[in-house]
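Please read the structure below before turning to the comments.
The values are calculated or read from the model by the stated rules, or taken from the named source; none is laboratory data. All values reported here derive from a predicted model rather than from experimental measurement. Don't worry about glycine lacking a Cβ; one is built from the backbone with ideal geometry, like all the others, and counts go over all protein chains shown. Ligands, DNA and RNA are excluded from the accessible area calculation, which covers all protein heavy atoms including side chains. Shrake-Rupley method; radii C 1.70, N 1.55, O 1.52, S 1.80 Å.
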Amino acid sequence: SMPNGVTDTVTFNDHFVTTRQAALAGTFTIGGGSPDYATFTDAVTDLEAYGLCGPVVFNVRGGTYTENIEMGDITGVSAVNTITFQSETGMASSVNVNYSATSATGDNYVLKFSNAKHTTFRNMTLNATGASYGRVVDFSGSEYCTLEGMILNGRPVTTTSSYFTTLYSNYGTLDHNTTITGCEINNGSYGVYWYGSGSSSLERGTRFENNTIQGFYYGNYFYYQDAPVIEYN
């Protein structure tokens with residue numbers, strides 16, 4: 001109003017609109033009829049925009065979802081205010097997430113934990129469908145993240161390239177206190193390629209328990225780990 005003591009002749013920029021809502025807490029649905037969120041991407045977008053003020057559970061309806069999912073560091077997340085994505089039926093076969101990567105690093109994942117914390121994915125199937133790149137899950141600097149009862153389907157390949165690793169802990173990052181339990185890890189150049197940052201910077205708290213790892217071409221690697229627990233696989 002009256003900028004510099006004169007009438008404002010430019011009125012089109014005299015207002016703005018912004019939307020605010022409370023941080024997330026409680027149970028929400030993804031997919032199916034009348035969901036809270038149509039896709040994983042929509043749910044993650046709200047997590048990033050509004051954060052958490054309590055534990056959050058996303059029950060994923062049965063179906064096929066064609067997208068990739070990147071979990072970052074969400075405001076408000078903690079050991080109490082956790083994030084869980086899980087099949088609504090409790091059956092991994094009922095929820096399929098498919099993604100065909102188009103680059104070696106930029107989108108080479110179906111699920112990525114990118115500095116995520118206290119996040120669990122439970123009882124779902126993730127499928128890498130790309131012909132040129134095929135990582136299924138990429139951990140890049142996460143803490144206290146868990147995969148439980150998941151089916152991870154990499155590409156059946158005959159290459160040693162880590163670009164086709166089914167379960168990948170990014171070299172140079174530290175993914176402390178990761179738990180992989182009761183999962184089926186299929187195919188890939190490596191079934192598991194699990195790297196710390198270096199001999200003077202080890203990953204801590206790694207737990208691989210009760211998993212089936214099969215169909216890989218080259219092997220399963222664990223590097224730069226501080227007292228990992230690897231049992232009953």
Placed amide H near residue 224: partners under 5 Å, 5+ positions off or other chain: 196
Sequence-distant residues sharing a close amide H with residue 95 (under 5 Å, placed H): 63, 125
Integer Hz, Karplus 6.51/-1.76/1.60 couplings in order for region 101-111, x for Gly and Pro: 5, 10, 9, 5, 10, x, 10, 7, 5, 8, 10
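Report for region 155-222 the percent antiparallel among DSSP-assigned beta bridges with both residues inside it, nearest 5.
5 percent
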Cα gyration tensor shape for region 103-183, rounded if a/c is under 1.5, else prolate or oblate: oblate
Acute angle (nearest 10 degrees) that the helix 40-50 long axis makes with the longest principal axis of the chain, alpha-carbon atoms: 50 degrees
Relative contact order of the chain, defined on C-alpha pairs under 8 angstrom at six or more residues apart (%): 12 percent
Within the accessible area of the chain (1.4 Å probe), percent carbon and sulfur: 47 percent
Accessible area per residue in Å² at 1.4 Å probe, computed on the chain: 46 Å²
Inter-site label distance for residue 1 and residue 115 at 7 Å from Cα along Cβ, in nm: 4.2 nm
Computed label-point distance, nm, for sites residue 221 and residue 11 using a 7 Å Cα→Cβ extension: 6.7 nm
Debye-sum result for the chain in log10 I(q)/I(0), which assumes one identical scatterer on each alpha carbon, at q = 0.08, 0.12, 0.14 Å⁻¹: -0.33, -0.65, -0.85
Shape of region 155-233, Cα gyration tensor, a/c cut at 1.5: oblate
In sequence order, calculated HN-Hα J values of region 2-12 (Karplus, 6.51, -1.76, 1.60; Hz; x Gly/Pro): 6, x, 6, x, 10, 5, 6, 9, 10, 9, 5
Under Karplus coefficients 6.51, -1.76 and 1.60, residue-wise ³J(HN,Hα) of region 13-21 in Hz, glycine/proline x: 10, 8, 8, 9, 10, 9, 10, 10, 8
For residue 129, residues with placed amide H under 5 Å, excluding near neighbours: 99, 100, 101
Simple spin-label estimate for residue 67 and residue 27 in nanometres, 7 Å along Cα-Cβ: 2.2 nm
